[in-house]
Amino acid sequence: MKTLTMTQKKWLLSLHLLFAAIMLGTSVTFLILSITAASTEDSGLLLACYKAMHVLSATSVRASVIGTIVTGVLLSLWTHWGLVKYYWIIAKEVLSAIAILLGPIGMYMWTLRGISYLTDTGVGAADQGAYVVNTISLFIGIGLQIASLVAMFLLSVFKPWGKRRKG
């Protein structure tokens, strides 16, 4: 197993933190755009918010998730932390799976569906219920995404629960 010098570890950790910060920043941007979309009467602004979220989900969210996962796995493999030696790392891996489902998959689908409701048919009486369900799903997804990312940051700082016992 390869080990890193201190300088290499700092560079890899810096990249990991940069990608994680981009993920969190994009999630907060999603929250702002979704609140704007939910509170506006302007159909142009509503559609623009959904289109902006969709572009972010297809670009920034995907790149930051991939970058964070790759650098996190490399940090685990190339340092003493390991992939399953510590409970806090296992918790981060579970939260990462949630972030993958919510970010590049969930946000992409919910924003694409929202754009479809707004452009293909407009939000008519028949589609109003589906649009509302989609909007609520998007809000819940954004909330869970932000909560999981904040939890991962906290786990990285406090490193609770210690090392797993060897069987």
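Numbers for the structure displayed
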| read-out | value |
| --- | --- |
| Descending semi-axes in whole angstrom, ellipsoid equivalent of the chain, from the Cα gyration tensor | 37, 15, 12 |
| Entries in Lys9/Lys166; Lys51/Lys92; Lys10/Lys159 that, when Cα-Cα distance is taken, lie over 20 Å | Lys9/Lys166; Lys51/Lys92 |
| Per residue solvent-accessible surface (Å²) - the chain, probe of 1.4 Å | 56 |
| Cα gyration tensor, segment 6-81 - rounded (a/c under 1.5), prolate or oblate | prolate |
| For segment 79-148: rounded, prolate or oblate by the Cα gyration tensor [a/c cutoff 1.5] | prolate |
| Highest average packing first - 129-142, 59-72, Cβ atoms within 10 Å | 59-72, 129-142 |
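The values are calculated or read from the model by the stated rules, or taken from the named source; none is laboratory data. Because the structure is predicted, anything quoted here is derived from the model rather than measured. Don't worry about glycine lacking a Cβ; one is built from the backbone with ideal geometry, like all the others, and counts go over all protein chains shown. All accessible areas refer to the heavy atoms of the entire protein, side chains included, with ligands and DNA or RNA removed. Shrake-Rupley method; radii C 1.70, N 1.55, O 1.52, S 1.80 Å.
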